[in-house]
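K.L.:
One structure is given below, represented as structure tokens, and several questions about it will come after.
Where a number appears in this text, it was derived from the coordinates with a stated rule and is not lab data. Just so you know, these numbers come straight off a predicted model, no measurement behind them. Quick reminder, even Gly has a Cβ in these numbers, built from the backbone with ideal geometry, and neighbours come from all protein chains shown.
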């Protein structure tokens, strides 16, 4: 198992460490509920250094990215980021990712930790344009500072005016005395905040600066457990659960990052264009438990007669709503908001209802 630059700090803080995507990662410190509420009400820090960073450079970088990603990279200005996915050539998804337009003819792709090698191989295999590729994952550390007090915390550490950085925008500057830090107005919690990227040798310095700056706001380290409950309250997809090589972006409700613009001949365009025009047989939808129960990945979704109509992909007890929530693929016809469904939990059919996403408002 690999360690991040912060593993020793997590251990010293008494975090529960678990293997995740090939890394020793903190799953919780003070408890998932406490950490979840901290991010929703104040500010928390996630170690996400296990994520992958891949540079794509050169005169053909844009042409290459237009082919391998579903979103329209030509619309991405320097200093802006874009959520996207890699179609896999079979109607499924290699991975979901964020594309950063770093400078002219230079982009950074941030990919899921469990897929770094897979994504790298996919990019190399499809790089007929001759774009310059660099896997910088082992050199870059990443922290997510999330919550309503994240901006105030970070602003103490930089002269950059963070309030002027738009959502899905980023800047490069000095943070906590460290140069060349990418400060990105992005995150996976729906609570607001930033993600920062920097060379791993500065990890300890930045960590301690953050916790000193956020002390007055009750800043806490946050583990993978609360990261999952936070993203699920927002209805954000998790690769390996809600999307994978067998799910299409159209089925997953990701049509908004699948752009059929003129001149963008991306992988699987014809397949996905047909799905959008003709419809799909299943859709990824959110649901809320009506009767008491906690849905989990893999649980069957049933209709009123006990017929299987889908499967839960993600589920939890929402710390904010104090009710079971989840997402899953359901057969078309059962996907309208308000539709009554049932989740099979330990052999019993427990009533639930299709819900709009996100489950909570920002």
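K.L.:
When the chain is modelled as a GNM with alpha-carbon springs shorter than 10 Å, which of 268, 72, 291 fluctuates the most?
P.N.:
Sorting by GNM fluctuation, first place goes to 291.
K.L.:
Cα convex hull of the chain: how many Å³ per residue? If you can, show how the numbers build up before the last one.
P.N.:
Values: hull volume 48.4 nm³, N = 362.
Roughly 134 Å³ of hull volume per residue.
K.L.:
Neighbour counts of other C-beta atoms within 10 Å: give me 160, 316 arranged from fewest to most. Walk me through the intermediate numbers first.
P.N.:
Details: 160 17, 316 20.
With the fewest neighbours first, 160, 316 line up as 160, 316.
K.L.:
Quote to one decimal, in nm, the extra length available between residue 180 and residue 274 on full extension: 0.36 nm per residue of separation minus the C-alpha distance between them. Walk me through the numbers before you get to the answer.
P.N.:
Working: separation 94, 0.36 × 94 = 33.84 nm, distance 4.41 nm.
Between residue 180 and residue 274, full extension yields 29.4 nm more.
K.L.:
I would also like to ask the following. Give me the distance in nm between label points sitting 7 Å out from Cα along the Cα-to-Cβ direction at residue 127 and residue 164, one decimal.
P.N.:
My value for the distance between the label points is 3.7 nm.
K.L.:
Turning to a different aspect of this structure: If I build a Gaussian network model for the chain, linking alpha-carbon pairs within less than 10 angstrom, which residue out of 290, 54, 93 has the largest mean-square fluctuation?
P.N.:
Top of the fluctuation ranking is 290.
K.L.:
Kindly provide the helix-only [θ] at 222 nm of the chain, computed as the sum of -39,500 (n - 2.57) over DSSP H runs of four or more divided by all residues, to the nearest 500 deg cm²/dmol? Intermediate values should be presented prior to the final figure.
P.N.:
Values: 8 runs with 71 residues, N = 362.
When only DSSP H runs of four or more count, the value is -5500 deg cm²/dmol.
K.L.:
Taking each pair of different alpha-carbon atoms in the stretch 308-358 once, compute 1/r for the pair, average those values, and report the inverse of that mean as the Kirkwood hydrodynamic radius in Å to one decimal. Please list the in-between numbers first.
P.N.:
Details: mean 1/r = 0.0862 Å⁻¹.
Here the Kirkwood hydrodynamic radius works out to 11.6 Å.
K.L.:
Based on Cα coordinates alone, diagonalise the gyration tensor for the stretch 227-272, multiply each eigenvalue by 5, take square roots, and list the semi-axes in whole Å, largest first.
P.N.:
On the way: eigenvalues 127, 28, 11 Å².
Working through the eigenvalues yields semi-axes of 25, 12, 7 Å.
K.L.:
Follow-up question, since we're still on this one. Calculate the radius of gyration of the Cα atoms of the stretch 208-362 to one decimal place, then report Dmax, the largest Cα-Cα distance, as a whole number, both in Å.
P.N.:
Over the stretch 208-362's Cα set, Rg and Dmax evaluate to 18.1, 58 Å.
K.L.:
If each residue's Cβ is checked for other Cβ atoms within 10 Å, how do 258, 247 rank with the fewest at the top? List each step's numbers first, then the result.
P.N.:
Numbers: 258 24, 247 20.
Lowest count first: 247, 258.
K.L.:
For a quick check: sort 340, 152 by the number of other beta carbons within 10 angstrom, fewest at the front. Walk me through the intermediate numbers first.
P.N.:
Values: 340 13, 152 16.
Fewest to most other Cβ atoms nearby, the residues stand as 340, 152.
K.L.:
Looking at the chain, send over the antiparallel percent of its DSSP beta bridges, to the nearest 5. The partial results should precede the final answer.
P.N.:
Details: 77 of 82 bridges.
Of all bridge pairs located within the chain, approximately 95 percent are antiparallel.
K.L.:
Relative to the present Cα-Cα distance, how much length would full extension add between residue 155 and residue 105 at 0.36 nm per residue of separation? If you can, show how the numbers build up before the last one.
P.N.:
On the way: separation 50, 0.36 × 50 = 18.00 nm, distance 2.99 nm.
The residue 155-residue 105 span can extend by a further 15.0 nm.
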